[in-house]
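A short reminder: the numbers here are calculations on the coordinates, not readings from a lab. Keep in mind the model is a prediction, meaning the values are calculated, not measured. Ideal geometry is used to build each Cβ from the backbone, glycine not excepted, and the neighbour counts take in all protein chains shown.
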Amino acid sequence: MPEQSSENDPRRIWKDQPQEEPDVKLNHFVGHRTQQLYASTRSEIVVSIGAALFFLAVLAWRIDGTPDRLQQLGYGLVVVWIAASIYWFRDRIWRRDQPPAEAVAAPGLEYYRKELQRRRAHLLNAWLWHGPLFLASLLFVASVAGHSFPNAERLRSVLPLGLLLALWTAMGFWRRYRQAQEIQRELDQLGTLL
Amino acid sequence: MSSRDPVAEQNELYARAVREFGRALDRLSAGYEGDVEKRRDLRQEIHLRLWRSLTAFDGRCSLRTWTFRVAHNTAATWVDQERRSRSKLVTLEEVEPWLVGSAAEPDLDRPRALAQLTSLIQRLKPLDRQIMLCYLEELDNATIADITGLTPAHVAVKIHRIKAILSRRFIKDSSHA
């Protein structure tokens, strides 16, 4: 028969395992979560605007020929939209609205709630910061297709890619809407406390 | 008008849960996540969800049951999200063949025994892992049933299997002496 002593009892081995990390403190993990939300929001805006600029740069440098009026209008709109987005989200991008150091070190429930509200607003306004990328993608697809298939075939050739882009955009908005709902639930929970 | 400040009450419950089960939560995290950095994130996530959940704690179950439920559910979701990069997880029944031919080493020291035990736990599917971890935390069958939602009879069967697996792997067999 197996012989069980306290020395090799798996439950003792498990429970006596060394503690490898300090205790988790309430302030620490609320702060950690707050920083995560902040960083995600900032990186999403920067990546989206950066990608839109990339598409524009490719269009400007690699597509031969003079763009027609509609394309010129599209380019202009993207540039204006990017500028507006940068202005609108300047505090998020350059971290001007960061709380004081002591608040980051020990962010309270109120600070966490505000960050959640910012995140929710960010997700619900996805069209604002994703708009330039969507428009630049659309222009890119239309320009490449127009370049390869001029005149009558242009619309037909761009249709599958356009549909794919629309589907991808719709799914992205839906995903962000769901995330915003999740955050709203968390806010509702906190609302009962504040 | 409420007689108690709900935030203070929530924080008080959380402090009590951490004081009484904090180390168990650390061990639970170790049972679900092998990577040190990711384990830190999992710990944070468990603590955050536990703290948030305590607004809804109504005393219908013990604080221990509540804490372990929240922790296991959070960790199970974590495993599910991380599964894409993981090897296939197995049930208690499936893990037994994996142990065949690997009899307990008579001079297995504690760090190696712990490493083997952790490795075994991390191969298990979330439900079996929950039961294994609860058993190792010396929770009784009724509490494990409360935490997992299984019937006590089902828990008893699982515990019997866990004991067999652990004794085969970690407990000295005197017949070999």
Open item on the list: Once you place label points 7 Å from the Cα toward the Cβ at A:Gln184 and B:Ala164, how far apart are they in nm?
Closed with: 5.1
TODO: Work out, step by step, the length gained on full extension between A:Lys114 and A:Ala170: first 0.36 nm times the residue separation, then minus their alpha carbon distance; give nm to one decimal.
DONE: 17.4 nm
Task: Inter-site label distance for A:Ile86 and A:Leu161 at 7 Å from Cα along Cβ, in nm - done: 2.6
Open item on the list: Given a Förster distance of 41 Å, report the FRET efficiency between B:Leu127 and B:Ala8 from their Cβ-Cβ distance, rounded to the nearest 0.05.
Closed with: 0.70
- [ ] Calculate the spin-label point distance for B:Glu138 paired with A:Ser43, positioning each point 7 Å from the Cα along the beta-carbon direction, and give it in nanometres.
- [x] 4.3
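How long is the gain from B:Glu82 to B:Arg112 if the chain were fully straight, where each residue apart is worth 0.36 nm and the alpha carbon distance is subtracted?
Numbers: separation 30, 0.36 × 30 = 10.80 nm, distance 2.55 nm.
That pair, B:Glu82 and B:Arg112, stretches by 8.3 nm at full extension.
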TODO: Once every Cα of the range B:1-86 carries one equal point scatterer and solvent is ignored, give the base-10 log of I(q)/I(0) from the Debye formula at q = 0.14, 0.19, 0.20 Å⁻¹, two decimals.
DONE: -0.49, -0.82, -0.88
Task: Residues with amide H under 5 Å from that of B:Val90, placed H, sequence gap 5 or more - done: B:Leu124, B:Lys125
